[in-house]
Amino acid sequence: MLEFLQICIGGLVVGSIYAAIALGFSLVYRVTGAINLSQGGFAIVAAMIGYTLGVAWGWPLWLAIPSAVAATVGIGVAIGAFTFVPALERLSNANVLMLTAGLLTMIEGVALVVWGSQPYAMPPFSGEAPLEFGPIRVPTQAFWVLGSTAVCITALWWLVAKTKLGKGLRACAENPAAASLMGINVPRMTLLSFALATLIAAIAGVIVAPTTSLQFDTGRLFTISGFVAAAIGGIASFPGAIIGGLFLGLVTQLATAYISSLFSTAIALLILLAVLIWRPHGLVQAVVGKRQDTRDEVKAVAHAAKLPASLAWPLAALALVTAAHIPVVVTDNGILSGLVIAGILFMTLMGLDVLMGYAGQVSLGQAGFMAIGGYTSGYLSINYELAPLLAIVAGIGVSLACALVLSVVTLRLRGLYLALATLAFGLLIDSCAVGFLDITGGPSGLVGIPSFSVAGFEFATPRAMFYVVFALDAIIFVALTGAMRSGFGRALKAIRSDQMAAAALGINTVRYKLAAFMISVTLASLSGSMYAFFFNFLSPEMVGTGRSLELVAMLIVGGESTLLGGLFGALLLTLLPTVFQPLAIYKTFASGALLVASFLYLPQGLYGAVVQWAIRLVGSPREAKESTSETSARAL
Amino acid sequence: MTALNAQSEASIGENSVLSVRHLTKSFGGLKAIDDVTFDVAPHQVTAMIGPNGAGKTTVFNLVTNILSKDAGQVLFLGRDLAGMSPVKIADMGLIRTFQSARVFPGMTAIENVMVGGHRLASHSGASEMLWLKASRNEERRVLGRAEQMLELVGLAPFKHTHATELPMGAQKLLEVIRALMAQPKLLCLDEPAAGLNDTETQELANLLRAIRTLGIPVLIVEHNMSLVMNVADHVVVMDSGAIIAAGAPSEIQKNSRVIEAYLGGENHAAS
């Protein structure tokens, strides 16, 4: 009983941090209708600055901590003003969510460059000695955590409910168009909500810092826990966020204590998936009804770049010839390996493009299927000496089975909740990859996976693998192009832009979304298997949530709904760090920053830019297009 | 009222395309649709008119199961539509358009029209992936038909224009021909002339007459009286969720109840 009480106190302490972050989610969501995933990043930046000021530079804590919070809020306001606020005007809410995922990656990247990858420890504010209440010992930092969370909650409630500023925030939440007609500066309110969320996150970050070890990517955990807590509690409601946070803290602490620390996240995620099935809007229903999302309708869908047929064929031939000669010309194994990796990731990216670019279904957990495919085929080929081809097929089978189960959840969801469910799925696979030691080798990875081979012929070198991957990519690309340029692709695009109108024309939206999902899962699983065969090794972080976010970045940077765009993104983000080794430390930052920049300034991606350049080089696109369609019309 | 219903019930042909029987729907305590019964005859343009809030669009949504009805029956080509999904209903050939033009953003005009051909496509995604001759021929056929459709309404020069960049009138026409691409057995148009100027309305009238010539039955909800009187063979008048009159356009124009409902008792003939 005593132990139980002790664990519950621990749970409440952790939970109140989750609650604080969840509150930030809820605040931004209510004001803007979008999710801001960058908060965890700010939490860790605040903690790191606090460490630098308070420990490395020896400032007194009473000065270091507030300075760290203030500095972080300053950074947050700058980032918010230049990315989040303009993005809200240009992008759909699902894309804003991915943009903030990019912000999170970018902030992590900065932290990595500034503070390195080693862990830091912050001393507690009021000494190490815990307070004792009879037999129960409570660390003093717990009081700091509980106290500051309570202050945050009260202050936020007061601001929103009792002040004129709060009235403006609430007006934006209910109807931004009307609010702006009433003279409320909506972008400023948006920025204010972003800044407040950053403030809450920064406070949570510095307060929790002494109870945990700090690393550049710890922020991701804060974001995820806060997001999960907000979703469980009900993202549109402040009390929901608080209840969700405390609940999540208690459940994870109890699960860690009584079941296994390896599965405590898994249990939290299963609870989340259950909530998404039975109460998609969370345990606490918001008093304010689900707001009419006027913003999403106004924003135009970015038009995908399209290469005129007169250019496409010569360029395709040129690319084919060039690619075939690469292994002859390029002798550097490092670069060749980079190309192979990019080619393998391109398989997943083509599938992801069908799912996200064409069908408009957000997926933040695509690497989860790479993991299922990779681990299944790796395990089978190590333990049962199954031929790689069969192992790949088995991996795809297992992946499709998991996808079917997941689709029970995802087919009912859209936008934000879909993003959340796929993220949760990816994280669930992460924790299984770490937890199922016997199958996956746990955190240290699965070693001894054989190289890819067909009928006894082994493709062990990067050069040999280059041809295998190249051939696979070409086949998949040609097949998917065939489907995406005709009825199948049109049906997906129609569903993406207007589900009801698509259904009214007899397009079975459920079947098509499922088909797009299954295609993407098959390709991700195949690519995961090839990845494992190429490295002869697979570890959780190679196919973890970080990878999922990186895949999204690659797709957006390269250009959505083009199929080929993913290759540009994959090459850029894989080859740059390989070619310029000293830049490798900037990779995380670059992948986040490029994602954000592409969303804001290059909506058609690199591919779009290349296409436009090619068109300008050759001549007017309209003429080229007209002439091709006229010939095809004449062919009738 | 009952006499009217009995009368229309008596006149149901065995071969009516759509029979709506005693359709009823309440929102909260308010009866939005009260015992609505009418038929759409083959080869005819049936127009449903009535003041704002009479429940015309609600009837559309009840017929296509976008809303669920409280009572009543809807028969399409003799089959009861109860419990069918909107997709299934569309798949049977009952194709509808929406009040606000719902062209697909991010797609060009021609692509928009081609989506309409989806219902009839025999090809599968798999055969497209293999670039089979059958699906490429099919694609060419759909493209050819879509081009003809654009030609029909004079939008051929804009086929590669993004649909959302077209003027409102063109978007409305695009939505109608997109529905027509699906070769509907019944075409339901929800206020196609809303937001159109006179020239565009004239083009729409021409299109509707062309559709009637093709023998496709049309059910149209419309505010524009001159359009209705021009193209409709049969007019159903709704007011406050109930049918107050039905008949040929010339009869409706003289019907005192209609004039009263429409013009608030003022003695104007609908022109």
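The values are calculated or read from the model by the stated rules, or taken from the named source; none is laboratory data. A quick note: this is a predicted structure, and the numbers were derived from the prediction, not measured. Virtual Cβ from ideal backbone geometry, glycine too; neighbours counted across all protein chains shown.
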With the condition kept exactly as written, say whether any residue in region A:515-532 is outside any helix (DSSP H, G or I) and in contact with a Phe, Trp or Tyr (Cβ under 6 Å, 6 or more places away or on another chain).
-> no
Starting from region A:323-337, take each residue that is among the β-branched types (Val, Ile, Thr) and list its partners that are modelled with pLDDT of 90 or more, counting only C-beta distances under 6 angstrom and pairs at least six apart or across chains.
-> A:Val330/A:Leu336
A:Leu103 surrounded by 15 or more Cβ atoms within 10 Å (Cβ to Cβ), out of contact with any Lys or Arg (no Cβ under 7 Å at 6 or more places or on another chain), aliphatic (A, V, I, L, M) and part of a helix (DSSP H, G or I) | yes
Give me a count of the residues in region A:175-191 that are touching a Gly at 6+ places or on another chain (Cβ under 9 Å) and touching a residue at least 40 places away in the same chain (Cβ under 8 Å).
-> 4
Among the numbered criteria (1) buried (at least 18 other Cβ atoms within 10 Å of the Cβ); (2) in contact (Cβ under 8 Å) with a residue 12 or more places away in the chain, which single criterion is violated by A:Leu165?
-> (1)
Qualifying positions in region A:445-492 - buried (at least 21 other Cβ atoms within 10 Å of the Cβ) and within 14 Å of another protein chain (Cβ to nearest Cβ) = A:Ile476, A:Leu480, A:Gly482, A:Ala483, A:Met484, A:Ser486, A:Gly487, A:Phe488, A:Gly489, A:Arg490, A:Ala491, A:Leu492
Counted residues in region A:473-532 being touching a residue at least 60 places away in the same chain (Cβ under 8 Å) and acidic (Asp, Glu) come to 1
Picking from A:Ala503, A:Ala515, the residue that is crowded, with 22+ Cβ neighbours inside 10 Å, within 10 Å of chain B (Cβ to nearest Cβ) and over 30 Å from A:Glu458 (Cβ atoms) would be A:Ala503
Given (1) surrounded by fewer than 24 Cβ atoms within 10 Å (Cβ to Cβ); (2) out of contact with any Ser or Thr (no Cβ under 9 Å at 6 or more places or on another chain); (3) touching a residue at least 12 places away in the same chain (Cβ under 8 Å), where does A:Val340 come up short, assuming only one miss?
-> (1)
Residue in region B:22-73 that is nearest to the chain's Cα centre (by Cα), counting only those that are charged (D, E, K, R) and not in a helix (DSSP H, G or I) = B:Asp39
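Is it true that B:Gly72 is at the interface with another protein chain (Cβ under 9 Å from one of its Cβ atoms) and at pLDDT 90 or above? Give the derivation first.
Values: at the interface with another protein chain (Cβ under 9 Å from one of its Cβ atoms): no; at pLDDT 90 or above: yes.
It is false that B:Gly72 is at the interface with another protein chain (Cβ under 9 Å from one of its Cβ atoms) and at pLDDT 90 or above.
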Look at region B:132-175 and say how many of its residues are more than 8 Å from chain A (Cβ to nearest Cβ), more than 19 Å from B:Ala194 (Cα to Cα) and in contact with a strand residue (DSSP E or B) (Cβ under 8 Å, 6 or more places away or on another chain).
-> 1
Only one of these is in contact (Cβ under 8 Å) with a residue 24 or more places away in the chain, surrounded by fewer than 24 Cβ atoms within 10 Å (Cβ to Cβ) and not assigned by TED's automatic domain parsing to the domain that holds A:Ala424: A:Ala241, A:Ala268, A:Ala230, A:Ala257. Name it.
-> A:Ala257
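In this structure, does B:Val17 turn out to be in contact (Cβ under 8 Å) with a residue 60 or more places away in the chain, β-branched (Val, Ile, Thr) and within 14 Å of another protein chain (Cβ to nearest Cβ)?
Values: in contact (Cβ under 8 Å) with a residue 60 or more places away in the chain: yes; β-branched (Val, Ile, Thr): yes; within 14 Å of another protein chain (Cβ to nearest Cβ): no.
In short, no.
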State which residue is farthest from B:Met168 (Cα to Cα) when the search covers only region B:86-116 and only residues that are touching a residue at least 60 places away in the same chain (Cβ under 8 Å) and at the interface with chain A (Cβ under 7 Å from one of its Cβ atoms).
-> B:Ala90
